[in-house]
There are 2 protein chains.
Amino acid sequence: MVPRKQKSIGVFDSGIGGLTVVRALMSRLPYENITYFGDTARVPYGNKSAEVVRQYSMEDTQFLIGQHVKMIVVACNTASAVALDALRTQFDIPIIGVIAPGAARAVRVTRHGRIGVIGTLATVASKSYPSEILARNKNLTVVSKACPLFVPLAEEGWSEHRIAQMVAEEYLVSLRKERIDTLILGCTHYPILRGVIQRVLGADVQLVDSGEAASEEVAALLAEKEMLNPSTVLPNHSFFVSDVPQRFRELGEIFLGTTQMRVTKVHIP
Amino acid sequence: MVPRKQKSIGVFDSGIGGLTVVRALMSRLPYENITYFGDTARVPYGNKSAEVVRQYSMEDTQFLIGQHVKMIVVACNTASAVALDALRTQFDIPIIGVIAPGAARAVRVTRHGRIGVIGTLATVASKSYPSEILARNKNLTVVSKACPLFVPLAEEGWSEHRIAQMVAEEYLVSLRKERIDTLILGCTHYPILRGVIQRVLGADVQLVDSGEAASEEVAALLAEKEMLNPSTVLPNHSFFVSDVPQRFRELGEIFLGTTQMRVTKVHIP
C-alpha cells in the first residue's frame, strides 16, 4: 500500500481548463504526485444549472477517491461555486476549491477596496465570490461580469488576436468604469488571456489567478496535516478524461504548456 | 391511442440550437405536432468525440421514441454527421438528419460548383458534408471551415455586434479566397448570424440553411408515407430538456422567436 504522504493530489475540472491549476500546483509543489480528471464528455459546466453541476461534481470526486488520492482540488470555478459544500458533506477527505482562496487573496491585495470578478454565467450567478469577499470584509465593493466568449477565445489560441482585445474591451468596460483595483480571474481558462485583460484594464489593476491562490492553500493544508510528499524524485502526473476530443493535444499545449501527458479515457459515472 | 398521422414529429439537438430547425418545421408544416428534446445537461456536442456523440444520440432518440413520435429529426449537425447511420441501424422509425438535405440543396443551387461548409470542429472533422456533396456530383469543389466562436456569439445576442463582423471576417476569409458561390450553414446556431455572414461574403454567395432544407425533406417524407397530420387546428409543441440553465428563456427568444414554451426537465439517460 502507498503511504498516505506519497498519494496523489486529486484535481478535477469540467474539462481541460483545470490544467492551468495543475500547472500552478506543479510549480508550487514540484514533488507532489497529481491525478487529474477532466469531464470532457460533459464540458462545460459554466452554462449548466447548479443542480446538474453538483451531480457531475459528485461523480468526478467519487472517481478520484477511487484513484486513492490524499485530497481533492476542485479546479473548476463553477463546481467550486455551487458544489463545494455538498462535496464536503458527502465525502470524508480534505477538499479545496478555488473560490475561497481567490477571494482571500483579492481581499489581501486590494488597495482601495474595489474588486472585480469575471467568470462563467453559472459562477457569476452563484454570487460565491462576492459572498466570500464580503464575509472577510463587508466594506469592500465587488463588481461581477460573466465573460462567456473568453473560453472559446482561449481554446482557439486567439489570446493575442485583436478580436480578443475587442471582446475584452466589451466585457471589461463596466469594470473599468467602476474603478476596480483588483480583478479575480474566476475561470480556469482566463489565465490564458491574462495579457490582453491586463492591457485593457491597465497596469494599475492587480490580477488574481484563483488557481495560483488555491495552490498556496493546498501547500498550507498539506504542511499543516503533515501530508506533504517527502520525496525528491520526479513525481507522477496522471490524466484521466471522460472523452478524448480531436484537439486534445493542441489544448494541452495551450493550457499545460506541454503535450507530453499520459492520458487515459474513463467512463463516468 | 393517438392515430399515427396525429403523432408528433420528434426533434432532438445537443441543446437549444435545434430550435432554429423547429422554427423552420413550424413554418413549413404548421399543423404538425412537435416534440423537442434538447440535451442541455451535456451541450455542446460539437467539441466531443464521435463515439460520445453517438452514445448521447442513441439516448436522445430512445427518449423521443418513448414519447411516441412518428419520426425523428436529428436537428444537430454534429449528431447527424457522426450518429445517423448508427441510429438508423438501431431504431425502426424514419429518421432524417440535416446533413444530406443541406448538401442536396447546395448541389442544387450552386452556379459555379464551389461550395463552402461551416460547422463545429466535430462536424468539419467528420467530412460528412463534402462526402454527401461529392456523392451527388464528384466535379464540385468543397471547402470547409470550423467556426467555434459563432455559437457563443449567437448565444450572447451579439449577432449584429462589430465583434461578430470581425470574427466572421477571420473565419470566412479563406472561403472568400476560394471563391465559393454557395455556403452551407452547418450548425443550428449559424442562421442567427445569417446577416453578418451574408455581409462578409457578399450578396453573390447563396446561403443554405440545413434546417430549412431538412424541413422540406420531412414534409416530402410524411407526404410519401401518408403520415401528414390532416388536422387544421393549432398543433401541440412540447419541449423537453435535460437541464434548465439560467438563461433558457432568453435563448428561447433568440432561437425560436418566443419565450412561450412549455418546457419540461427530464433525466437522461
query = What is the one condition in (1) of a type in the set (A, V, I, L, M); (2) within 14 Å of another protein chain (Cβ to nearest Cβ); (3) outside any helix (DSSP H, G or I) that B:Leu153 does not satisfy?
reply = (3)
task = Please work out if B:Val241 is under 30 Å from A:Val124 (Cβ atoms), within 14 Å of chain A (Cβ to nearest Cβ), buried (at least 17 other Cβ atoms within 10 Å of the Cβ) and aliphatic (A, V, I, L, M).
result = yes
inquiry  = Return the residues of region B:14-37 that are in contact with a helix residue (DSSP H, G or I) (Cβ under 8 Å, 6 or more places away or on another chain) and within 14 Å of another protein chain (Cβ to nearest Cβ); say none if nothing qualifies.
reply    = B:Ser14, B:Ile16, B:Gly17
ask   = For residues in region B:52-69 being surrounded by fewer than 17 Cβ atoms within 10 Å (Cβ to Cβ) and touching a strand residue (DSSP E or B) at 6+ places or on another chain (Cβ under 9 Å), which is farthest from the other protein chains (Cβ to nearest Cβ)?
value = B:His68
message = Among (1) under 21 Å from B:Glu156 (Cβ atoms); (2) surrounded by fewer than 24 Cβ atoms within 10 Å (Cβ to Cβ), there is one condition B:Tyr31 misses while meeting the rest; what is its number?
response = (1)
inquiry  = Just to be sure I understand the filter: pairs with C-beta atoms under 6 Å, separated by 6 or more residues or on different chains, first member in region B:239-254 and within 17 Å of B:Phe12 (Cβ to Cβ), second member in a helix (DSSP H, G or I) and β-branched (Val, Ile, Thr). Which pairs pass?
reply    = B:Asp243/A:Val52
task = State the number of residues belonging to region B:1-13 that are surrounded by fewer than 24 Cβ atoms within 10 Å (Cβ to Cβ) and either within 18 Å of B:Thr123 (Cβ to Cβ) or touching a helix residue (DSSP H, G or I) at 6+ places or on another chain (Cβ under 9 Å) (or both).
result = 2
query = Given (1) farther than 25 Å from A:Phe248 by Cα; (2) within 14 Å of chain B (Cβ to nearest Cβ); (3) of a type outside the set (A, V, I, L, M), where does A:Arg88 come up short, assuming only one miss?
reply = (2)
query = Are any of the residues in region A:160-168 over 26 Å from A:Val218 (Cα atoms), modelled with pLDDT of 95 or more and in contact with a Leu (Cβ under 6 Å, 6 or more places away or on another chain)?
reply = yes
key: Test set (1) in a helix (DSSP H, G or I); (2) within 22 Å of the chain's Cα centre (by Cα); (3) among the acidic types (Asp, Glu) - B:Glu160 fails condition number   = (1)
request  = Could you check how many residues of region B:196-237 are in contact with a Phe, Trp or Tyr (Cβ under 7 Å, 6 or more places away or on another chain) and closer than 19 Å to B:Tyr36 by Cα?
outcome  = 2
query = Under 8 Å by Cβ, and 6 or more places apart or on different chains, what pairs join a residue from region A:96-114 that is under 23 Å from A:Val69 (Cα atoms) with one that is aromatic (Phe, Trp, Tyr)?
reply = A:Ile99/A:Tyr129
ask   = Could we say that A:Pro191 is away from every other protein chain (no Cβ under 14 Å), buried (at least 20 other Cβ atoms within 10 Å of the Cβ), over 21 Å from A:Val69 (Cα atoms) and under 21 Å from the mean Cα position of the chain (by Cα) here?
value = yes
message = For region B:133-144: of the residues being in contact with a helix residue (DSSP H, G or I) (Cβ under 6 Å, 6 or more places away or on another chain) and part of a strand (DSSP E or B), which is nearest to the other protein chains (Cβ to nearest Cβ)?
response = B:Ser144
remark   = Reported set for region B:100-124 where residues are at pLDDT 95 or above and part of a helix (DSSP H, G or I) is B:Ala100, B:Pro101, B:Gly102, B:Ala103, B:Ala104, B:Arg105, B:Ala106, B:Val107, B:Arg108, B:Val109, B:Thr123, B:Val124
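For (1) closer than 20 Å to B:Ser128 by Cβ; (2) at pLDDT 95 or above, each residue gets a yes or a no:
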| site | (1), (2) |
| --- | --- |
| B:Pro3 | no, no |
| B:Gly18 | yes, yes |
| B:Tyr31 | no, yes |
| B:Tyr36 | no, yes |
| B:Asn47 | yes, no |
| B:Val52 | yes, yes |
| B:Val69 | no, yes |
| B:Val82 | yes, yes |
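The values are calculated or read from the model by the stated rules, or taken from the named source; none is laboratory data. All values derive from a computational prediction rather than experimental measurement. Note that we place each Cβ from the backbone using ideal geometry, even for glycine, and neighbour counts take in every protein chain shown.
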